[in-house]
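The values are calculated or read from the model by the stated rules, or taken from the named source; none is laboratory data. None of the values given here were measured: they were computed from a predicted structure. Cβ: placed from backbone, ideal geometry, glycine included. Neighbour counts: every protein chain shown. Ligands, DNA and RNA are excluded from the accessible area calculation, which covers all protein heavy atoms including side chains. Shrake-Rupley method; radii C 1.70, N 1.55, O 1.52, S 1.80 Å.
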Amino acid sequence: MITARNMLIVVASVLVARTPAAAVDQTVIDAQERRVRVIQTAAPAVVAIFGNGGKGGGSGVVITPDGYALSNFHVTSGAGTFMKCGLNDGVLYDAVIVGIDPTGDVALLKLLGRDDFPTAVMGDSDLVRVGDWAYAMGNPFLLATDFQPTVTYGIVSGIHRYQYPAGSFLEYADCIQVDSSINPGNSGGPLFNDNGELIGINGRGSFEKRGRVNSGAGYAISINQIRHFIDHLRSGRVVDHATLGATVTTQPAGGVVIDSIIETSEAYRRGLRLSDEVVSFAGRPIRSVNQFKNILGIYPKGWRLPLAYRRDGQKFEMLVRLRGVHTKAELMPKRPKRPVQPKPDKPGPDQPDPDQPQPEKPQQLNPHAKKQPEPPEQYKHMFVKKDGYANYWFNEQEQNRLKPLVTSWGDWSAAPDGTWKISGQTGMGDAFRLGLAENKIGLMIGEEPYLQVLDGTDFENTPPGSGGLLIAMHQLKLMLKQLDAGFSEFYYLGSEPLDLTGDVVDVLITNVNGVQTRWYFARQPTAFVGFSSQLFEDTDECEVFFVTMEEFGGRFFPGRILVRSGGRDYMELVIEHVEISAPDDK
């Protein structure tokens, strides 16, 4: 029996069947196609990390054709020294740890077996805006057993987020917040923008209390922070972050002021005092304590950066070398952790609750899976254990890359063991004579004599105000004549901007008899360009820059030297003669 209700259903069905399908706007189709192309372009560089022997895993991303890849420290610490890394070409590659940043939760590893790996294109995380599209790719829940990365898609929810360590080393400064799902196993994987450029490394996520499921707030370490640390990580070291040697607070009326300062810090020596208002740091304006912590947290220990402050309405500027956050003992594995920093009473709008977002624990592989094989014999030599290093082998490679820039000055190692005699004029027109003997150093400027005995103790700031020019020139003699054999400690630090030019230079560090020296090497063109020696910790260095090079007796030596100390030019030396006397010539 046909009822009125049944008739209505039949009529409605006919009308629906005869209604043409709504056309999809072409812009929607284009956007979808573009999104698919971005993912296809980015995916080949995404790494699925599996620990050797089934001891953890996570994600990463390849950044150089020869296999250097980024991940999280908390991922690689669970995966081991050697690990297995799968790419979406279906191949499982061996990989070895290179360097680690426990504070910033970053690790550098190297995939092995190729020199033409697909790489991610680096973006600029300072250009990221709230509302930008963001792609998170990786190996959540270790689902990428076929090495095809999982992709989640969302927007940038916040920028310049700061999160306190919350009971661990891990301090997320100036990080990117996204609503793209970040789940356990995504750690260490890339965050891409809508152009497929790498803008961050995913690390932390906020999870529901009853399960390890993303709740819509994930955090990525900014790629610009990692740029600052990348050469430090290539050194194979356990790297440290920077502190100013001072703390700040916000005034009730606004403004960020110094509320405590270490009197031995370089900031204090350059003039910074209690109650000074911090105007800018590293070229970025400071309007809150969080802003200051964000900016400070993205730089390595030892970098020199500009700071502007205001006192009594007058603005001052300085370059200040940053101290380390941790002691060497704190950074060593299996050492006691630093005391837990107190949690603020009320997290502000730019300060997520540190108890909620946490780094993910390294994911465990299937316990029934077969044990991963040991690394092939041809790669075992690529790990060298040494205190203070994640892998000293890579530091040796960087040393060997820079040593030829020193030996290119000529065979100074074959020079006689007598006194090095260097003479010429200062920039002020005074004659000078410098003698570098085996047990003492003498300098005459005009009629003014200076002497430094080399007995391993009582080094002096001689001439006064130079930062110890005589000892500094002795360091140069040791470097040219003996290279690493002349020092008790010799290692590649990484890179840093050079005060004099702002150019990024590679840095070697040496120590002997308590004197630490930083040796600077330009990159384009490659050259040995200067050094700075520090007689004692927390004292102004003697900085020596090679302005020109000349040939003296078949070897090269600076023809003009600029000496600086305490942030000021001290002296210029124009060298006219360099000779080496017989050992018995006094």
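Couple of notes before you dig in:
- Phi-based couplings in Hz for segment 288-297 (Karplus 6.51, -1.76, 1.60; Gly and Pro marked x): 8, 4, 4, 4, 4, 5, 4, 5, 4, x
- Taken along the Cα-to-beta-carbon direction at a fixed 7 Å, the label points for THR41 and ARG273 span 5.5 nm.
- Radius 13 Å from Cβ of VAL453, net charge of other residues (Lys, Arg +1; Asp, Glu -1): -3
- Sorted largest first by accessible area at a 1.4 angstrom probe radius, with every protein chain in place, the residues GLU266, GLU579 fall in the order GLU579, GLU266.
- When a 1.4 Å probe is rolled over the protein heavy atoms, the share of accessible surface on segment 62-208 that falls to carbon and sulfur comes to 51 percent.
- Unsatisfied cross-links (Cα-Cα over 31 Å) in the set LYS328/LYS380; LYS110/LYS328; LYS293/LYS380; LYS380/LYS477: LYS293/LYS380; LYS380/LYS477
- 5 angstrom amide H check on ALA217, placed H, neighbours 5+ away: SER206
- Taking amide H as placed 1.01 Å from N in the peptide plane, the amide H of ALA134 sits under 5 Å from that of GLY154, ILE155, VAL156, each at least 5 places away or on another chain.
- Calculated FRET efficiency for the pair GLN397/SER423, C-beta based, R₀ 56 Å, to 0.05: 0.90
- Qualifying aspartates and glutamates (Cα of each under 13 Å from Cα of LYS315; at least 8 residues distant if same chain): ASP276, GLU277
- Here the Karplus curve 6.51 cos²θ - 1.76 cosθ + 1.60, taken at θ = phi - 60°, turns the phi angles of segment 479-495 into couplings of 5, 6, 8, 10, 6, 5, 5, x, 10, 7, 9, 8, 7, 8, 8, x, 10 Hz, with x standing for Gly and Pro.
- Solvent-accessible heavy-atom area per residue, rounded to whole Å², over segment 218-319 at 1.4 Å: 39 Å²
- Solvent-accessible area per residue in segment 385-516 equals 43 Å², computed with a 1.4 angstrom probe and all protein chains kept.
- Placing a pseudo-label 7 Å from each Cα along the Cα-to-Cβ vector at ARG560 and VAL130 gives an inter-label distance of 5.2 nm.
- Distance (nanometres) between label positions extended 7 Å along Cα→Cβ at GLU447 and LEU319: 3.7 nm
- Residue-by-residue Karplus 3J(HN,Hα) for segment 430-446, coefficients 6.51, -1.76, 1.60, Hz, glycine and proline x: 7, 6, 9, 9, 10, x, 10, 8, 5, 10, 6, 10, x, 9, 10, 10, x
- Ligands, DNA and RNA left out, the accessible area of segment 373-492 computed with a 1.4 Å probe is 50% carbon and sulfur.
- Å² per residue, accessible surface of segment 121-172 at 1.4 Å: 43 Å²
- Estimated at the nearest 10 Å², the accessible area of ASP174 is 10 Å² with a 1.4 Å probe.
- Between amide H atoms placed 1.01 Å from N, distances below 5 Å from HIS326 occur with HIS241, all of them 5 or more places distant or on a separate chain.
- Label-reachable residues, segment 528-571, where backbone N falls under 11 Å from a point 7 Å from ASP430's Cα toward its Cβ: 571
- For THR103, solvent-accessible area (1.4 Å; no DNA, RNA or ligand), Å²: 0 Å²
- Potential extension, LYS380-GLU330 segment - 0.36 nm per residue separation minus Cα distance: 15.2 nm
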